[in-house]
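**Student:** Structure incoming, see below.
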Amino acid sequence: MLILAKTILAIMLGFILAVITGFIIIPILKKINFNQKINILINKRHLEKKGTPTIGGLIFIIPVIVALIMLYIKGSITITHNLVIVLFVFIAYGFVGFLDDYLKIKRKTISGNEGLKSWQKLVLQVFIAIVFFFIYRSYGGTGDLTLSLFGWNLPMGWAYGLFILLVLVATTNAVNISDGLDGLAAGLSVFAFMAFGLIAWNTTWLSGYQEVAIFCFLLIGALGGFLLFNSHPARVFMGDTGSLALGGALATVAVLTRHEFSLILIGGVFVIETLTSLIQIIAIRKFHKKVFLKAPIHHHFEELGWAETDIVKLFWSTGFILAMLGIIYGVWL
């Protein structure tokens, strides 16, 4: 019952703080014209979103940090190296996303390609992964890749650092690609962190597993508060500030709990979104043909005439089912 009480408290605290933060930040973003630039090549229906504030990821990033500070001062949590790793990646990736968003707004780009350059993002991501791996190994991290279902354990040593980088980059890009419809990425992230929060509670061998679980549930609550402003019609977008922070945190929790392969299942919709984009790029460049009307696949459904809310409902339902299957595998099997 104590675990349940802590989980509910974390969700409630994250939600309340996010709602308060949203009411404070959104008017400020509007006043300083931090507005989303709309690419008309995506879908003409998106033109109605023009002028909607972005960098809304701060609405769930700030509350999680504040809540953890409050819980620490109260003595409800302790600061462990694994919590430090999660927070570092969460904040660092959020900062990279903030820089990208800020440059796009400052340069008044419509195409969305005038933020950070690809090589700049990669350098920052490599740095974050190096710090992650340094802290991880300094506190006894094994560097083994585990597939518990088959009892498979592959010692990777220092090469595990490259694996961490791959997981971080792949997951952050996947969440970022999925952030194309009102509430889509935020809702999918709620289900993903729900799964990994429960997995973290069950990972009793992990130092600070309770704090990692509480982080997940604080973020779930904060995302719930954010969805009050981000569900259709969105009053604010999370921007790269939010999507990169979410992807980085999700990948980090998966690595720390040694459920990297579970991430493929739990974040299955993110994976599908990314694969459809990759397939479309390859098909156009190599064969000069399109597989989908537009990619990623949520835009394909838009081109078919689906309502945005119906697409989000379908993807949320799929994400929920996959997350539940991930819990069964990660906690029970």
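**Student:** Could you give the angle, 0 to 90 degrees to the nearest 10, between helix 184-202's Cα long axis and the longest principal axis of the Cα atoms of the chain?
**Tutor:** 10 degrees
**Student:** Quick check: residue separation of LEU325 and SER231 times 0.36 nm, minus the Cα distance between them. What number comes out in nm?
**Tutor:** That works out to 31.3 nm of additional length.
**Student:** Where does helix 160-178 land angle-wise versus the long Cα axis of the chain, in degrees 0 to 90, nearest 10?
**Tutor:** For helix 160-178, the angle is close to 40 degrees.
**Student:** Quick one: if you stick a label point 7 Å off each Cα along the C-beta vector at ILE282 and VAL126, how many nm between them?
**Tutor:** Result for the modelled spin labels: 2.6 nm.
**Student:** Which entries in LYS106/LYS313; LYS50/LYS104; LYS50/LYS294; LYS6/LYS313; LYS30/LYS121; LYS49/LYS286 show an alpha-carbon gap greater than 25 Å?
**Tutor:** LYS106/LYS313; LYS6/LYS313; LYS30/LYS121; LYS49/LYS286, as the Cα separations exceed 25 Å there.
**Student:** Next up: If I take R0 = 25 Å and measure r between the Cβ atoms of ILE264 and ASP144 in this structure, what FRET efficiency does the formula 1/(1 + (r/R0)^6) give, to the nearest 0.05?
**Tutor:** 0.85
**Student:** Using Cα atoms only, what is the angle between the long axis of helix 209-230 and the major principal axis of the chain, expressed in degrees (0 to 90) to the nearest 10?
**Tutor:** 20 degrees
**Student:** Setting aside same-chain residues fewer than 8 positions from LYS289, which aspartates and glutamates have a Cα under 17 Å from its Cα?
**Tutor:** Straight-line reach from LYS289, under 17 Å: GLU303.
**Student:** Loop-only chymotrypsin sites (Phe, Trp or Tyr not before Pro) in the stretch 89-188, please: DSSP not H, G, I, E or B, and at most 10 other Cβ atoms within 10 Å.
**Tutor:** Here no chymotrypsin sites (Phe, Trp or Tyr not before Pro) fit, given the DSSP loop and packing criteria.
**Student:** What is the distance in Å between the Cα centres of the stretch 159-207 and the stretch 255-333?
**Tutor:** 13 Å
**Student:** Hey, got a sec? Which trypsin sites (Lys or Arg not before Pro) in the stretch 212-310 land in a DSSP loop and have at most 16 other Cβ atoms within 10 Å?
**Tutor:** Listed in order of number, the matching sites are ARG235, LYS289, LYS290.
**Student:** Compute the length gained on full extension between SER118 and LYS31: take 0.36 nm times their separation in residues and subtract their Cα-Cα distance, giving the result in nm to one decimal.
**Tutor:** Contour length minus Cα-Cα distance gives 28.3 nm.
Every number here is computed from the coordinates shown, using simple stated rules; none is lab data. These figures come from a predicted structure and were not determined experimentally. Virtual Cβ from ideal backbone geometry, glycine too; neighbours counted across all protein chains shown.
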